[in-house]
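What follows is one structure encoded as structure tokens, with my remarks underneath.
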Number of protein chains: 2
Amino acid sequence: MSGRGEVLQLEVLDILRQRNKPVSAYDVLGELRKTKVKMAPQTVYRVLAALTECGKIHRLESLKAYVNCQHGSHQHASILSICDDCGRVEESVAPDLLAKLSKVTGKTGFAAQRHVIEVHGLCASCGTGPAPA
Amino acid sequence: MSGRGEVLQLEVLDILRQRNKPVSAYDVLGELRKTKVKMAPQTVYRVLAALTECGKIHRLESLKAYVNCQHGSHQHASILSICDDCGRVEESVAPDLLAKLSKVTGKTGFAAQRHVIEVHGLCASCGTGPAPA
DNA sequence: TTGCGATATGTTATATTGTAACATAATACT
DNA sequence: AGTATTATGTTACAATATAACATATCGCAA
């Protein structure tokens, strides 16, 4: 393993941390291009894949976007709550729920390998006092 | 509500039923274009959105594709098991699990509205005897 | 029944997201 | 050093999705 790409990984991680919201691959690309004009999509996707793989970021399938992992990194699947109003994402961990899920899907002999759990709704701030017009 | 678009809905539903596997919007488009040369993406997406809305089909976010609902139609969120080998999708229903999920994500005051649950893995046929080389 | 507002559908164009394929460079091993 | 292997850079393009506006249909009131 080289150490070249790792600098870029940190840079991308920083971008996600600063935004603290879901960011699309092309947004990341745009950010990177501010300093690296020749940056290509492929490169960004590779970095995002690497970061996702090692659990430092999460991909939000239903938003086609990425967020920084709030726990720094972890292996077990996350439950991601997406506020459809403010866009912020909360991360929950519930191993027992994952186990139950595997059990449910396993009834037919299905062997679960990767869980994608995304919950859309409204976060506490946006749900309670939604500031009427 | 008109009855014009409903014919198209049935046609799309038929395509998904016949394939019995996840189908991309553009695959559906291609199929439709066999008889309707001028069919446009927008139209297909609108039909798919309508069918999804009323629960007759499900969108697989992690595959960017759609499947026919195995139960004909329903309102509660489905748990979709996707076999990464043969591509087939199984559908589970587990209201208690959804309730638990809402409870977990609700700890912070988050109000869940829509659950996206997709499980990748291997189905019974593909997992047990994967036909060695 | 006709006129009009609201809604659905058709059409064109374009935006966004994602990868294939190959060139080049770094690494690791003999 | 020489060479196989893996990572990275680069170009081009494929696949997915939506904006914006035109046209048609419907529901309803005057």
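Looking at (1) within 11 Å of chain B (Cβ to nearest Cβ); (2) within 16 Å of DNA strand C (Cβ to nearest atom), can you tell me which one A:Lys107 breaks?
(2)
Of the residues that sit in the stretch B:84-104 and are at the interface with chain A (Cβ under 7 Å from one of its Cβ atoms) and closer than 13 Å to A:Leu80 by Cα, which one is least open to solvent (accessible area, probe 1.4 Å)? It would help to see each step written out before you state the result.
Step one: list which residues in the stretch B:84-104 are at the interface with chain A (Cβ under 7 Å from one of its Cβ atoms), which gives B:90, B:92, B:94, B:97, B:100-101, B:104.
Next, only the ones that are closer than 13 Å to A:Leu80 by Cα stay: B:101, B:104.
Working: B:Leu101: 1, B:Val104: 21 Å².
The qualifying residue least open to solvent (accessible area, probe 1.4 Å) is B:Leu101.
Could you please tell me which pairs satisfy a Cβ distance under 7 Å, a separation of 6+ or placement on different chains, a first residue in the stretch A:37-59 that is under 13 Å from A:Leu8 (Cβ atoms), and a second residue that is polar (S, T, N, Q) and part of a helix (DSSP H, G or I)?
A:Val47/A:Gln9; A:Ala50/A:Gln9; A:Leu51/A:Gln9
Given the conditions (1) modelled with pLDDT under 95; (2) open to solvent by 60 Å² or more (accessible area, probe 1.4 Å); (3) farther than 26 Å from A:Leu8 by Cα; (4) not in a strand (DSSP E or B), and given that A:Thr108 satisfies all but one, which numbered condition is not satisfied?
(1)
Look through B:Pro22, B:Pro41, B:Pro95 and report the one residue that is under 22 Å from A:Thr108 (Cα atoms) and within 16 Å of DNA strand C (Cβ to nearest atom). Please lay out each step first, then the result.
Working: B:Pro41 fails: under 22 Å from A:Thr108 (Cα atoms); B:Pro95 fails: within 16 Å of DNA strand C (Cβ to nearest atom).
Criteria check complete, one pass: B:Pro22.
Of all residues in the stretch A:20-60, which are polar (S, T, N, Q), in a helix (DSSP H, G or I) and within 26 Å of A:His74 (Cβ to Cβ)?
Residues of the stretch A:20-60 that are polar (S, T, N, Q), as a first pass: A:20, A:24, A:35, A:42-43, A:52.
Keeping just the survivors that are in a helix (DSSP H, G or I) gives A:42-43, A:52.
Across the stretch A:20-60, the qualifying residues are A:Thr43, A:Thr52.
Restricting to the stretch B:111-129, and then to whatever is touching a residue at least 12 places away in the same chain (Cβ under 8 Å) and open to solvent by 60 Å² or more (accessible area, probe 1.4 Å), can you tell me which residue is nearest to the other protein chains (Cβ to nearest Cβ)?
For the stretch B:111-129, the residue satisfying everything is B:Arg114.
Return the residue satisfying two criteria in turn: it lies in the stretch B:70-83 and is over 28 Å from A:Ala124 (Cα atoms) and modelled with pLDDT under 95, and of such residues it is nearest to the chain's Cα centre (by Cα).
Here the residue is B:Gln70.
Of the residues that sit in the stretch B:10-57 and are more than 22 Å from B:Glu90 (Cβ to Cβ) and among the charged types (D, E, K, R), which one is surrounded by the most Cβ atoms within 10 Å (Cβ to Cβ)?
Within the stretch B:10-57, the match that is surrounded by the most Cβ atoms within 10 Å (Cβ to Cβ) is B:Glu31.
Would you confirm, using the coordinates I've provided, whether A:Ala65 is within 9 Å of DNA strand C (Cβ to nearest atom), within 14 Å of another protein chain (Cβ to nearest Cβ) and on the phi < 0 side of the Ramachandran plot? First the steps, then the outcome.
Numbers: within 9 Å of DNA strand C (Cβ to nearest atom): yes; within 14 Å of another protein chain (Cβ to nearest Cβ): yes; on the phi < 0 side of the Ramachandran plot: yes.
Spelling it out, A:Ala65 is indeed within 9 Å of DNA strand C (Cβ to nearest atom), within 14 Å of another protein chain (Cβ to nearest Cβ) and on the phi < 0 side of the Ramachandran plot.
The values are calculated or read from the model by the stated rules, or taken from the named source; none is laboratory data. Predicted, not measured: the structure shown is a model, and the values here were computed from it. Positions of Cβ are backbone-derived with ideal geometry, glycine not excepted, and every protein chain shown enters the neighbour counts. Just so you know, the surface numbers come from the protein's heavy atoms only, side chains and all, with ligands and any DNA or RNA stripped out. Shrake-Rupley method; radii C 1.70, N 1.55, O 1.52, S 1.80 Å.
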